[in-house]
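Note sheet for the following structure.
Nothing in this text is a laboratory measurement; each read-out follows from the coordinates by a stated rule. In this text, all values refer to a predicted model and were calculated from it rather than measured experimentally. A quick note on method: Cβ atoms are made from the backbone with ideal geometry, for glycine too, and the neighbour counts reach across all protein chains shown.
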Amino acid sequence: MSLDLAIRPARNLLGALRLPGDKSISHRYAILAALAAGESRLENFSTGADCASTLACLSALGATVTRTAAGMINILGRGPVLAAPQGSLDCGNSGSTMRMLAGVLAAQPFQSQLIGDASLSRRPMARVIEPLTKMGASITASDGACPPLRISGAGLRGMDYALPVPSAQVKTAVLFAGLLAQGETSVSEPVRTRDHGELALEAFGARLTRALGRVSIQGGQPLHPVAMRIPGDISTAAFFLCAAALFPQSNLVLDDVLLNPTRSALLDVLSALGARVSMLNVEDRLGELAGTIRLEPRPLGGVRISGVQTVALIDELPVLAAIAPYTEQGIEIRDAAELRVKESDRIAAVAQNLRALGANVEEFPDGLRVPGGQPLKGGEVDSFGDHRIAMAFAVAALRAQDQVVIRNADAARVSFPEFFETLEKLVER
Ligand code: S3P
């Protein structure tokens, strides 16, 4: 089923909002809860289809997953040894599910197969196959590098691994494998990526040694269950913050949002563009920071994003590029070749959609340049089956001159099924 949705131009964005829990944290907490001895209680669990894929795989691996109320998930773990699944484990559209579970399955005393939808089946998996094979697992993939992944688990040996690509999914997969391996596993990364894997392992009771750019874990540590309220997803918040930034009279307050410094670079970029962003009531929740964000718009200047900032903003780049035509000096994004191997080729998707709405865009192998001062016309764009592209163009549509139809808009369900109705509640026309 595919849904096309028309978004009409808006005048303003006003209100307060609490968002479902962060997707990156929800995946990690669910997986570690399955490996813990006892029952964990996860409040404000992500409502997205991706995290539902993780929960379904964990059930198939013998964890008992119960939804007790809206957003409340209890997971009764099995300890480090899971149950052999009956059939293939379906990761749906979720790269996080496949890569992080691969780290756990590599150490299990059974064979398993991870499958995904058409988009996931094209995504690169050599980045997890290589380190997990070095630790002792045997993994085969289609064409050597793409799903399905057939994993024969083994007793793993710890190792010292330098990540060739900055990827938090791969770092987490290796650390999860390291938890279940013999001896010590260390991962070093060329550029700092999100550290939810490290924080979650510590929250469940594992001891890690963390230094700049390097983290080590001793294998064989038992995990205990936790109770956690997962902070709202800051990558989902990004769409509402960027939408509010487009209108001079907007006023947006987001409560209980994730403010982990490895994830909040968007707030720095919005400030650099000119918006007034404040953070209030910041608190520490098992190592993760959460708090309130208030955004008051100002005219948006321009910005160039590259290097470490690109890595920190990887999931927010599509929406920044989509609002770039409304800035004064435009936005240039470089060092972002990874965007081409996400749920869609996000560089090509953004460029094609912006051009469909009348903008000039310069596309590079590793990014794009979108000049400012280009009012977008109405028209038709496509999500390319990618949740972040669907939501990015719903935001851009709010300031277009005429209505914009988003083809396959239901892709948004992957991270935030309630996106369009939530946006409509905040928008003034
Ligand atoms: C994620 C890491 C990033 C990000 C993805 C979630 C994570 O992917 O794009 O949405 O939770 O670790 P990579 O690890 O491929 O960079």
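Here are a few things to note about the model shown:
- Only lysines eight or more places from residue 134 in sequence, or on another chain, were considered; those with a Cα closer than 23 Å are 171.
- Computed Rg/Rh of the range 339-429, alpha carbon atoms with Kirkwood Rh: 0.96
- Contact order relative to length of the range 272-316, as percent, for alpha carbon pairs under 8 angstrom and 6 or more apart: 41 percent
- Take every pair of alpha-carbon atoms less than 8 Å apart whose residues are at least six positions apart; their mean separation over the length of the range 201-355 yields a relative contact order of 19 percent.
- Cα-centred dipole magnitude for the chain, charges only on beta-carbon of K, R (+1) and D, E (-1), debye, nearest 20: 280 debye
- Here the Debye sum runs over all C-alpha atoms of the range 282-422 as equal scatterers in vacuum, and log10 of I(q)/I(0) at q = 0.15 Å⁻¹ comes out as -0.76.
- Pairwise Cα inverse-distance average, inverted: Kirkwood Rh of the range 1-100 (Å): 15.0 Å
- Over the chain, dividing the summed -39,500 (n - 2.57) contributions of all DSSP H runs of at least 4 residues by the number of residues returns a 222 nm mean residue ellipticity of -9000 deg cm²/dmol.
- Shape metrics for the chain, restricted to C-alpha atoms - Rg then Dmax, Å: 20.9, 61
- Rg ratio (alpha-carbon, reference 2.2 N^0.38 Å) - the range 96-224: 0.98
- Put in line by how crowded their Cβ is, counting other Cβ atoms within 10 Å and starting with the fewest, 22, 386 read 386, 22.
- Relative contact order %, the chain, counting alpha carbon pairs below 8 Å whose residues are six or more apart: 18 percent
- Here the range 156-280 is treated as a Stokes sphere of Kirkwood radius computed over C-alpha pairs; at 20 °C and 1.002 mPa s its diffusion coefficient rounds to 129 µm²/s.
- Given charges at Cβ of Lys, Arg, Asp, Glu: the chain dipole, positive-most of 234, 356, 24: 24
- Proximal lysines to residue 425, defined as alpha-carbon separation beneath 26 angstrom and excluding residues fewer than eight positions away on the same chain: 23, 377
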